Structure formats: C-alpha cells, structure tokens
Amino acid sequence: MIQDAIVVPLKRFDLAKSRLRQGGITQVTEMVEELAIGVLQNCAPRHVVVLSESDEISAFATFHGVEVRRSRVSGLNEAVQSAYEALGERFERLIVVHGDLRNPKGLGQFQPGSGLTIVTDHHGTGTNVLVVSTGLGFQFAYGRNSVGRHQHEAERLGIPCAVITDSPWRFDIDVPDDLKKSPGNT
C-alpha cells in the first residue's frame, strides 16, 4: 500500500469560479486551468488522484499523468467523501488539495503530523488543504466555516487536529479580491 495520495477535486474549467465571472474578471477559464496545472505539478512525488465529473477534466488529468477518479456527484463534499471511502483500500492517508492555490510549491514534500491537519484559507475559516487518515469514517464538511466543522469532526472521532494558518497554501482564488492577495499582502 502506498501511504499517501493527494486528491484534487476539479470542476470543469469553463464552469468554475462563478463568483469571479460575476465579478467581471475575464479569462477565468484559462486562469483556473493554469492554477490547476500548478497544483498538479507541485504534488510530485506523491500519487495524485483528480476527482472529475467531466470528460474534459478527465482528459486534462490524464494528459498531466495523474490518476482520474470519475465522480457521479456534483457537490464537493459528496465527491470527496466518495473518493475517501473508495481510496481507503489503497491509501493510508489522503491529502485533499484544492486546485486553485496560488502558490502550491512544496505540496509533494508536505509532512503532516498524525490525526487531522487543516491548512486554512487566508480568512482562517476555509479549508484549502486537509490531511486525514482513511478508514476513520471521517465526514467532510466543506463550505462556510469548514475549518470549524472539520475540527468538530476530529473531536467526534477522538483524533488530534492541527490547524495551520500561516502557509502559502492559504491563498486560493474564489472572488475578485483574492487576485489582489499575496503572501506579503494579507
């Protein structure tokens, strides 16, 4: 068994980031694809599994040399939960990484501790990277205040939980203001 796998859920690039599109940002499709490429390239040497709900994303992931797991559900929580349950037979731990990180350097070398590890977004409330052992019955809770909900899940399971707030991975792109944020400009 390979110990870790990085799981990257990806939505079709032409449909992703509706808040950016509504905010008048142009070339969102190209930007989202570029961010995803950066994340995938920085996951090496770990095994990477892209969660895909479309032929386009499956082809993209295959082109970039990573495993594809087709998702039949469209919600993030449901897709990650399904992958967690299915991949638990092959991997001891999953590292769930969003595909819109601005600075994904070092993902492949990340050495989290035991239990649950959460890397927050720059607000401190969203979960950009989540590391959890398989086989625990963990329930994913992405969305508003996911950090708090994931911490409660760790408490429910009786596992230690580390929250990292100062990582360069805290900078993701969701809304137009995120394009102005940078590691030196929080």
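Quick notes on this one:
- Loop-resident GluC sites (Glu not before Pro) (DSSP state other than H, G, I, E or B) in the range 30-126 with no more than 10 further Cβ atoms inside 10 Å of their Cβ: 89.
- Apolar share of the accessible surface for the range 46-186: 48 percent from carbon plus sulfur atoms, 1.4 Å probe.
- Student exercise, the range 22-111 dipole from Lys, Arg, Asp, Glu Cβ charges, in Debye to nearest 20: 320 debye
- 1.4 Å probe accessible area per residue over the range 60-186, in Å²: 48 Å²
- The solvent-accessible area of residue 125, taken with every protein chain present and a 1.4 Å probe, is close to 60 Å².
- When you filter the trypsin sites (Lys or Arg not before Pro) in the range 62-120 for DSSP loop state and at most 14 other Cβ atoms inside 10 Å of their Cβ, you are left with 72, 90, 105.
- Overall form of the range 48-115: oblate. Here a/c, set by the Cα gyration tensor axes a ≥ b ≥ c, is 1.5 or more, and a/b is not larger than b/c.
- Length-normalised contact order of the range 34-137 in % [C-alpha pairs under 8 Å, at least 6 apart]: 30 percent
- Heavy-atom SASA rank of 80, 73 (probe 1.4 Å, accessible area, largest first): 73, 80
- Mean projected area (nm²) of the alpha-carbon convex hull when the range 89-164 is viewed from all directions: 5.2 nm²
- Per-residue HN-Hα couplings for the range 95-100 [Karplus 6.51, -1.76, 1.60; θ = phi - 60°; Hz; x = Gly/Pro]: 10, 8, 10, 6, x, 10
- Residues whose amide H lies under 5 Å from that of residue 127, counting only those 5 or more places away or on a different chain, are 121, 143, 146, 147; hydrogens are built 1.01 Å from N in the peptide plane.
- Cut-off under 5 Å, modelled amide H: who pairs with residue 6 long-range: 47, 48, 49, 95
The values are calculated or read from the model by the stated rules, or taken from the named source; none is laboratory data. Not measured: the values here are computed from a predicted model. No Cβ is skipped: glycine too gets one built from the backbone with ideal geometry, and neighbour counts run over all protein chains shown. For accessibility, only protein heavy atoms count, side chains too; no ligands or nucleic acids. Shrake-Rupley method; radii C 1.70, N 1.55, O 1.52, S 1.80 Å.
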